[in-house]
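Heads up: the structure comes next, in structure tokens.
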Amino acid sequence: MSTTFETVTELISPDAGSVQEADRVIGSLALPAHGIAVHDPATGETIAHVRDDDAEKALIAVSEADRAGNAWARTTSRQRADVLHAWYGKLIDHAEEFAHLISREMGKPLAEARGEVKYGTDFVRWYAEESVRPAGSFRESPDGAANILTRRSPVGLAVLITPWNFPLAMATRKIAPALAAGCPAVIKPATLTPLTTYFAVKLAVEAGVPEDLVQVINTSDSKAFSEAVLSDSRVRKVSFTGSTPVGRQLLQLASRNVLRSSMELGGNAPLIVFDDADLQRAVDGTFAAKLRNGGQSCIGANRIYVQDGIADDFVAALAERFEQVTVGSGLGNGTLLGALIDNRAVNQMKAFTRNALDLGAELVTGGHAYAAAGHFFAPTLLDRVPEESDVATSEIFGPIAAIQRFSSEAEVITRANATEFGLAGYLFTENLDRAFNVADRLETGIVGINQGVPSNATAPFGGIKQSGLGREGSSEGLEEYQNIRFYNVARRATP
Ligand code: NAD
């Protein structure tokens, strides 16, 4: 089947009231008239400009955060918890404004943006609660000659670098544990979606976070930024969420001063549907794991393996769901699939589709872009995708479901693990033994069992292999911002 990539299909337009609501928030952010332009991916319009900070400005931000951090490190955990609770309250008071702003600058449908607000604010609440439960321990040395006490202290100034796909959640998942642990922070959001971070940090200050403690830096020269700040001896920590190639560069820079490093990097998630799966559950889970955020998620289902006995029914049912998806502005009424982040992403989807079809894949539905000012690509289902095609070997980061068929459990485990990535994996089966046996053998940090959206604030999110180092969310996420020390207290037996 051929595809023209230029099919003109009706797209849902933005709702004027929703656009006004987003623009009211942007108007409240005291932004400059010039600088880095921020676009609405659904319309191509320029919606704001943000400062283009140079390396010198970034180092001033380090100085200011460092000064504010000295006092913050000495606060009690209850004081920090109270401030975080107050920030959570502010974020919730402005939840609808956040949802509109996220949708406007990033493109996701309003309903999903509301989901991100829930997910993102939960990290602030979680760390407000977690900060008053500092982990520590008491141990006795085996020879009875010492007591060992372990304590946590703040790791120090943290540089936080976030991507564009979850503008609120990626920021709160780092800022909240940093503050809870007692650390100051300099955050650099993606230049494509900086507005949500500005709004969140503005509310943090209104809630009682000391003014200079969290600094926001925007720059068109992220390389100069990271080289300057990661070489500064006051910085002790880098936490990055983004692609694996950039993560490698940052790890090299971090090695100069041996910085504590957390890396949430790229994925290539396998999703496995066994013959004994509940078909409806598998279709619902795959739909969510694939199309949430327009497929622009690091844990998005990338290689969908379906066992031979269920494959025809599964493909037919998933195609039916894909064909019902409404496409358009995230701020439009009834949109289920919003714009991709930029035109490069649309061209990438075209190239992926063309490559898979050239190698023999079957196009079941979709496979086209739209003649529009925004950046849209249809929900696309490819079946019988060859293993060597680009959609099977690369992170797709878009709304293409690439299905490969398999026959045996052993075979699919080998194929699923044949990647340098190890962030998320999914499996669908009604057999409890199989669920745990296969989950145990998947080389990923996250496994969704019979469901497609595994993340929440309580879960230690993160990857293995080249998908990253460290965890975010949960109590483990707090430890990323803490040093562990022990006191050895000598014991002398009394007569
Ligand atoms: P990206 O790596 O291009 O950019 C991420 C951030 O790093 C942006 O703020 C960017 O400006 C900045 N950056 C780029 N080069 C830099 C440098 N040399 N120094 C300092 N900062 C630099 O990634 P992206 O396109 O924004 O996001 C998509 C990628 O992020 C995907 O690979 C996705 O899997 C990954 N991601 C991972 C997770 C996770 O938790 N594992 C979550 C979301 C996204």
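Once you compute Rg and the Kirkwood Rh from C-alpha atoms, what is the Rg to Rh ratio for segment 1-116?
Taking Rg over the Kirkwood Rh, I get 1.11.
A 1.4 Å probe, protein heavy atoms only, puts the accessible area of H34 near 150 Å². In this structure, the amide hydrogen of A146, modeled 1.01 Å from its nitrogen in the peptide plane, lies closer than 5 angstrom to those of S141, R491, counting only residues at least 5 positions away or on a different chain. In this structure the chain gives 40 Å² per residue of accessible area when probed at 1.4 Å with all protein chains present.
Largest accessible area first, the residues S255, S18, S231 order themselves as S255, S231, S18 under a 1.4 Å probe with ligands, DNA and RNA left out. Taking amide hydrogens as placed 1.01 Å from N in the peptide plane, the amide H of H368 sits under 5 Å from those of A378, each at least 5 positions away in sequence or on another chain. Once both labels are positioned 7 Å from their Cα atoms along Cα-to-Cβ, the gap between E211 and D278 label points is 5.5 nm.
Summing +1 for each Lys or Arg and -1 for each Asp or Glu, what net charge is found among the other residues whose Cβ lies under 13 Å from the Cβ of Y127? Summing Lys and Arg as +1 and Asp and Glu as -1 gives -3. For segment 269-465, DSSP calls about 25 percent of its internal beta bridges antiparallel. In the structure shown, do any of K174/K223; K118/K188; K90/K118 have a Cα-Cα gap over 19 Å, and if so which? Over 19 Å apart, Cα to Cα: K174/K223; K118/K188. This model, with +1 at the C-beta of Lys and Arg and -1 at the C-beta of Asp and Glu, gives the chain a dipole about its Cα centre of some 2180 debye. Within the same chain, aspartates and glutamates fewer than 8 places from K202 are excluded, and of the rest, those with a Cα less than 15 Å from its Cα are D93, E97, E211, D212. Note on the chain: dipole from Cβ charges, positive end direction compared against T46, A171, L382; the farthest Cα belongs to A171.
Farthest towards the positive end of the charge dipole of the chain, among the residues V209, G295, V346, is the Cα of V209, using unit charges on the Cβ of Lys, Arg, Asp and Glu. The shape of segment 72-132 can be summarised by an equivalent ellipsoid whose semi-axes, obtained from the alpha carbon gyration tensor, come to 28, 10, 9 Å from longest to shortest. Working note: Karplus 6.51/-1.76/1.60 with θ = phi - 60° gives segment 231-243 the couplings 8, 7, 5, 6, 7, 10, 8, 10, 10, 10, 10, x, 7 Hz, where Gly and Pro are set to x.
The values are calculated or read from the model by the stated rules, or taken from the named source; none is laboratory data. No experiment lies behind these values; they were computed from the predicted model shown. In this analysis, Cβ positions are derived from the backbone assuming ideal geometry, glycine residues included, and neighbour counts consider all displayed protein chains. To get the accessible areas, we keep the full protein, side chains included, count just its heavy atoms, and leave off ligands, DNA and RNA. Shrake-Rupley method; radii C 1.70, N 1.55, O 1.52, S 1.80 Å.
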